[in-house]
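The values are calculated or read from the model by the stated rules, or taken from the named source; none is laboratory data. Everything quoted here is computed from the prediction, not taken from an experiment. Note that each Cβ is placed from the backbone with ideal geometry, even for glycine, and that neighbours are counted across all protein chains shown.
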């Protein structure tokens, strides 16, 4: 799994969501260069895309592309870090460097790495928390309404997003349920195409 190796000051985060993209978190200011891509596919559904700056390892964006099948509803979520923390996580980019066979100091922009993991979602009235591989976070990096959690050895473990009145939202509960159903169907379809029972 991808490792968090530090954090640097940033200007905050932008949270977005709609009926098609359950969650998008962007760290500010936006970096306008071609990123490294990490696609995390859930064993039982769910798809996460992380965009990472190829030069610094700075986390630029996390997108929950598909909802996982494991969703727990809870009343409210809270964050661990202090509210005045405004930090962006730095990722270890060595997995992308390996793809270039060590020929360059920095990983090649546009490189894509794919991983499989257990993805779970806690859904609350004020936000959502994505958990990865059922690992317990012990350290946290927060900026605004988004917080990344990671384990004692630095493994990415969670993303908590707290929504407020300014978070774009056009999805009703019924529309969100429909997105979850489409997610489940999309993950079942490849198996049926392969002729699996």
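Going by what's in this entry, would residue 135 be described as modelled with pLDDT of 90 or more, closer than 23 Å to residue 10 by Cβ, touching a strand residue (DSSP E or B) at 6+ places or on another chain (Cβ under 9 Å) and surrounded by fewer than 21 Cβ atoms within 10 Å (Cβ to Cβ)?
Criteria not met by residue 135.
Inspect segment 90-102 for any residue being in contact (Cβ under 8 Å) with a residue 12 or more places away in the chain, assigned to a strand (DSSP E or B) and touching a strand residue (DSSP E or B) at 6+ places or on another chain (Cβ under 6 Å) and give the result as yes or no.
Among the residues of segment 90-102, at least one is in contact (Cβ under 8 Å) with a residue 12 or more places away in the chain, assigned to a strand (DSSP E or B) and touching a strand residue (DSSP E or B) at 6+ places or on another chain (Cβ under 6 Å), which makes the answer yes.
Could you tell me which of the residues 7, 82 is touching a residue at least 40 places away in the same chain (Cβ under 8 Å), farther than 20 Å from residue 133 by Cα and surrounded by 19 or more Cβ atoms within 10 Å (Cβ to Cβ)?
Only one candidate qualifies: 7.
To keep it simple, each residue is scored yes or no on (1) closer than 15 Å to residue 147 by Cα; (2) touching a helix residue (DSSP H, G or I) at 6+ places or on another chain (Cβ under 7 Å); (3) at pLDDT 95 or above; (4) crowded, with 19+ Cβ neighbours inside 10 Å.
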site	(1), (2), (3), (4)
24	yes, no, yes, no
54	no, no, no, yes
57	no, no, no, yes
70	no, no, no, no
89	yes, no, yes, yes
96	no, no, no, yes
104	no, no, no, no
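Quick one: which residue in 167, 160, 151 is at pLDDT 95 or above, under 18 Å from the mean Cα position of the chain (by Cα) and surrounded by fewer than 20 Cβ atoms within 10 Å (Cβ to Cβ)?
So the residue among 167, 160, 151 that is at pLDDT 95 or above, under 18 Å from the mean Cα position of the chain (by Cα) and surrounded by fewer than 20 Cβ atoms within 10 Å (Cβ to Cβ) is 151.
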